[in-house]
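The values are calculated or read from the model by the stated rules, or taken from the named source; none is laboratory data. What you are looking at is a predicted structure, and each value in this text was computed from that prediction instead of being measured. All Cβ positions, glycine included, derive from the backbone under ideal geometry; neighbour counts span all protein chains shown. SASA here: full protein model, heavy atoms, side chains in, ligands and nucleic acids out. Shrake-Rupley method; radii C 1.70, N 1.55, O 1.52, S 1.80 Å.
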Amino acid sequence: MCSSDLDEQQDSAVKLMIEHPTAFQHDLFLDCCQKVRNTEIYYMSIGFYLEMQPMQLTRLLQVLTPNLDHSRVVHQLRKSENLPLAAPYLKSVQKENLTAVNEALNELYIEEEDYPSLRTSIDDFDNFDQLALAQKTEKHELLEFRRIAAYLYKRNTRYAQSIELSKGDKMFKDAIETTNDSKSAELVEELLRYFVEQEDKECFCATLFTCYQYVSPDVAIELAWRRSEEHTSELQSP
């Protein structure tokens with residue numbers, strides 16, 4: 001019997017088990033599925049497992065991984081609202097740095113409130129809509145997700161947005177570092193004025209120390225002198 005006939009038999013066997021679940025045998029299904037000729041059967045099989053054998057889905061995906069279009073699988077999983085079931089598979093193929101896979105995993109990490117894994121994911125795999133993720137996390141109830149949003153804005157040179165987020169959360173060290181990375185004298189001056197208004201001498205000094213190369217000496221003297229004068233006036237007032 002020629003190999004094409006054998007392949008067609010594998011196709012038929014898989015289709016039979018899909019159409020008649022009472023004939024389903026997990027190990028036989030996996031064995032046949034790896035040898036099918038028609039690649040559409042891979043996605044039929046995934047749909048079948050999602051409906052009939054969801055707890056065995058990870059094993060099926062593991063077996064089929066070398067033959068799958070991973071972006072297509074993500075789309076199929078989204079339609080069935082079963083992304084969490086496929087998390088092990090998604091993690092195993094993320095090394096290919098595909099947008100669909102990265103965004104699916106990042107979405108799961110947000111839902112699970114797993115900010116360490118989200119941070120690792122965005123650092124190691126950069127192929128995703130970074131600004132969309134920043135917008136999605138900037139109003140998250142957990143501080144660490146808002147810090148990730150600020151980090152993403154910074155990474156995409158949206159320095160002003162990043163700094164405002166950090167200031168809002170009183171993450172002043174982050175704000176100072178981002179301001180320094182911006183290399184913008186204007187943003188440095190704005191941050192210095194903010195700390196003067198907040199009467200935060202420690203952060204004012206830290207900003208001067210960190211961002212000194214972007215600070216005009218006359219601006220630093222003016223702000224320090226003005227605050228000193230205001231403080232003196234307050235002390236002298238009855």
If I model a spin label at Lys183 and Lys91 as a point 7 Å from the Cα along the Cα→Cβ vector, what separation in nanometres do I get?
3.9 nm
Loop sites in segment 111-220: trypsin sites (Lys or Arg not before Pro), DSSP, at most 10 other Cβ within 10 Å:
Lys139
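Restrict the search to segment 40-140; then list the GluC sites (Glu not before Pro) that DSSP places in a loop and that have at most 16 other Cβ atoms within 10 Å of their Cβ.
Glu81, Glu112, Glu113
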Between Ala175, Ala206, Ala87, where does the largest GNM mean-square fluctuation fall for the chain, given springs only between Cα atoms within less than 10 Å?
Ala206
If one computes the Cα centroid of segment 173-193 and of segment 21-75, what distance in Å separates the two points?
53 Å
Using a Cα-Cα cut-off of under 25 Å, which lysines could be cross-linked to Lys139, ignoring same-chain neighbours fewer than 8 residues away?
Lys154, Lys167, Lys170, Lys173
Cross-link reach list, aspartates and glutamates versus Lys15, counting only Cα pairs under 18 Å and skipping chain neighbours closer than eight places
Asp5, Asp7, Asp27, Asp31, Glu40, Glu51
Semi-axis lengths, Å, segment 109-166, gyration tensor of Cα atoms, sqrt of 5 times eigenvalues:
16, 14, 9
Considering the chain as a Gaussian network with a 10 Å cut-off on Cα pairs, which listed residue, Asp114, Asp169, Asp31, attains the greatest mean-square fluctuation?
Asp31
Note, Met17: beta-carbon cut-off 12 Å, +1 each Lys/Arg, -1 each Asp/Glu, net -3
Determine which aspartates and glutamates satisfy two conditions relative to Lys91: a Cα distance under 13 Å, and not lying fewer than 8 residues away in the same chain.
Glu103, Glu107, Asp124
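So if we plug the beta-carbon distance of Phe209 and Leu143 into 1/(1 + (r/R0)^6) with R0 = 25 Å, what FRET efficiency do we get, rounded to 0.05?
0.50
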Roughly to the nearest percent, how much of the accessible area of segment 16-157 is carbon and sulfur, given a 1.4 Å probe?
47 percent
